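Engineer: Have a look at this one before I ask anything.
What follows is calculated from the coordinates using simple rules that are stated; it is not laboratory data. Just so it is clear, the structure is predicted and the values come from calculations on it, not from any experiment. Don't worry about glycine lacking a Cβ; one is built from the backbone with ideal geometry, like all the others, and counts go over all protein chains shown.
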């Protein structure tokens with residue numbers, strides 16, 4: 001094991017300065033690789049949140065940050081992109097230590113993708129209608145889209161910097177300021193981000209970072225100085241945040257859980273489909289909300305698909321996440337491992353059969369590991385097919401041969417609606433089925449929709465969208481200004 005223990009911070013990042021917490025409590029980050037303490041950071045108090053919101057509020061209300069030319073704010077983000085690329089190895093290694101993401105994935109998903117997301121938002125902003133003239137028979141309006149204000153960004157542990165940039169980048173382009181609340185499991189890398197913001201020359205108070213427990217997090221999302229909450233995390237927490245924001249009429253976007261279906265027709269290229277599912281279902285050790293962990297397969301292809309999935313799982317390397325050959329590392333915490341093992345028991349108690357995995361790797365006596373697990377004999381009504389497990393566990397459920405409607409019904413028989421895939425050699429059928437699955441992001445045969453496409457969920461998978469112009473739109477308020485003839489002519493001459 002190559003974990004570097006003793007990585008700690010003594011200060012919070014508020015108002016562009018490193019400041020002491022008003023309390024004495026700390027957050028101890030345990031690495032899931034060795035089950036030992038990795039380091040500590042201050043645990044922010046309500047008073048610290050007050051200071052962070054006040055800093056963000058002052059920068060938004062009393063400086064030129066929201067009104068300066070948008071190109072200036074974009075330049076700040078371009079500098080942050082460079083810092084990300086300069087520090088990519090440090091970010092990847094630290095996040096692997098914190099939550100066990102295999103280093104081969106950390107280098108892309110954890111370290112490279114935040115910079116790519118910033119660049120994608122900069123690209124989206126080039127054609128975003130921040131201001132437009134809208135004539136009609138009843139008048140002419142100047143439509144402006146202005147920064148929503150102070151944003152509370154609350155992020156999860158499974159992709160901390162990518163989740164942060166999905167919120168910080170569009171917020172800064174729009175002219176907002178941000179208070180970032182990271183997950184306790186990955187609080188150390190959040191304060192590393194504070195160093196990076198300094199390196200990039202982000203103005204004081206534009207981004208503030210306060211690691212905290214759940215009670216203080218709730219204080220932040222209910223703070224009267226916050227104009228919008230942007231949250232990624234569990235549906236349970238999302239429901240609570242939605243109720244708080246609804247009561248206060250505070251703007252909110254929620255990217256929540258998923259139980260994404262992969263619909264496999266008998267005419268699919270099963271070899272290619274299983275190859276896509278190697279990452280599509282097992283990525284980040286199963287700890288991604290978009291993973292296709294609920295497979296619905298046409299009955300005549302069931303046995304072959306199960307055999308191929310089992311063979312694929314046999315070839316997955318489970319082990320030290322710092323080894324570039326590792327594909328599945330430890331789960332983030334003992335609690336998460338217990339949760340995943342509990343769901344496997346729930347499944348077998350209900351009649352499902354374990355084809356592969358189902359326990360802890362016998363050759364790993366340290367670390368929060370669970371074997372890649374394949375369950376068959378799964379009815380779609382079972383808890384393991386309905387509830388998000390968030391681990392390397394895949395279920396397989398057959399549907400009758402040729403029954404496309406039943407495949408769609410099963411895919412939609414879920415409280416979630418985040419993502420999904422359709423595997424078939426009939427591309428028109430693939431598109432037809434994808435159109436009818438009630439989820440925010442679908443693919444046909446694993447094709448990527450790209451970073452300019454919005455991401456988000458239907459139903460219990462969330463409210464609102466991230467990425468693309470839709471992601472920018474969630475950080476602005478729309479204003480209409482009626483223009484008299486003289487001003488109409490002036491705007492027309494500039495167009």
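Engineer: Any chance you could list the semi-axes, whole Å, largest first, of the equivalent ellipsoid that the Cα gyration tensor gives for segment 35-152, using √(5λ)?
Structural biologist: 37, 22, 13
Engineer: Okay, next question. For segment 261-444, what value does the Rg/Rh ratio take when both radii are computed over Cα atoms and Rh is the Kirkwood radius, given to two decimals?
Structural biologist: 0.96
Engineer: Tell me the mean residue ellipticity at 222 nm calculated for the chain from its helices only (DSSP H runs of n ≥ 4, each -39500 (n - 2.57), averaged over every residue, nearest 500).
Structural biologist: The helix contribution divided over the chain gives -12000 deg cm²/dmol.
Engineer: For the chain, give the share of DSSP beta bridges that are antiparallel, in percent and rounded to the nearest 5; count only bridges with both residues there.
Structural biologist: 40
Engineer: Gain in length, residue 35 to residue 18, computed as 0.36 nm per residue apart minus the alpha-carbon separation, to one decimal in nm?
Structural biologist: Difference between extended and current length: 3.2 nm.
Engineer: Subtracting the Cα-Cα distance from 0.36 nm times the residue separation, let me have the gained length for residue 249 to residue 310 in nm, one decimal.
Structural biologist: 17.0 nm
Engineer: Using the number of other C-beta atoms within 10 angstrom as an exposure proxy, rank 219, 84, 121 with the fewest first.
Structural biologist: By the 10 Å Cβ count, ascending: 219, 84, 121.
Engineer: What is the antiparallel percent of DSSP beta bridges lying wholly in segment 261-444, to the nearest 5?
Structural biologist: Percentage antiparallel, nearest 5: 10.
Engineer: Roughly how many whole Å is it from the C-alpha centroid of segment 18-67 to that of segment 215-241?
Structural biologist: Value for the Cα centre distance between the two parts: 15 Å.
Engineer: Determine, for each peptide in 445-453, 281-289, the mean count of other beta carbons within 10 angstrom over its residues, then list the peptides with the highest first.
Structural biologist: Highest to lowest by the protection proxy: 281-289, 445-453.
Engineer: On C-alpha positions alone, give me the angle between the axis of helix 485-494 and the longest principal axis of the chain, in degrees, nearest 10.
Structural biologist: Result, in degrees: 60.
Engineer: Helix 302-314 sits at what angle to the longest principal axis of the chain, using alpha carbons and giving 0 to 90 degrees rounded to 10?
Structural biologist: 70
Engineer: Between residue 449 and residue 278, what length in nm is gained on full extension when 0.36 nm per residue of separation is reduced by their alpha carbon distance?
Structural biologist: 59.7 nm
Engineer: Continuing with this model, one more query. Return 444, 297 ranked ascending by Cβ neighbour count within 10 Å, so the fewest neighbours appear first.
Structural biologist: By the 10 Å Cβ count, ascending, the order reads 444, 297.
Engineer: What do you get for the angle between helix 88-99 and the principal long axis of the chain? Use alpha-carbon atoms, 0 to 90 degrees, nearest ten.
Structural biologist: Helix 88-99 sits roughly 60 degrees off the main axis of the chain.
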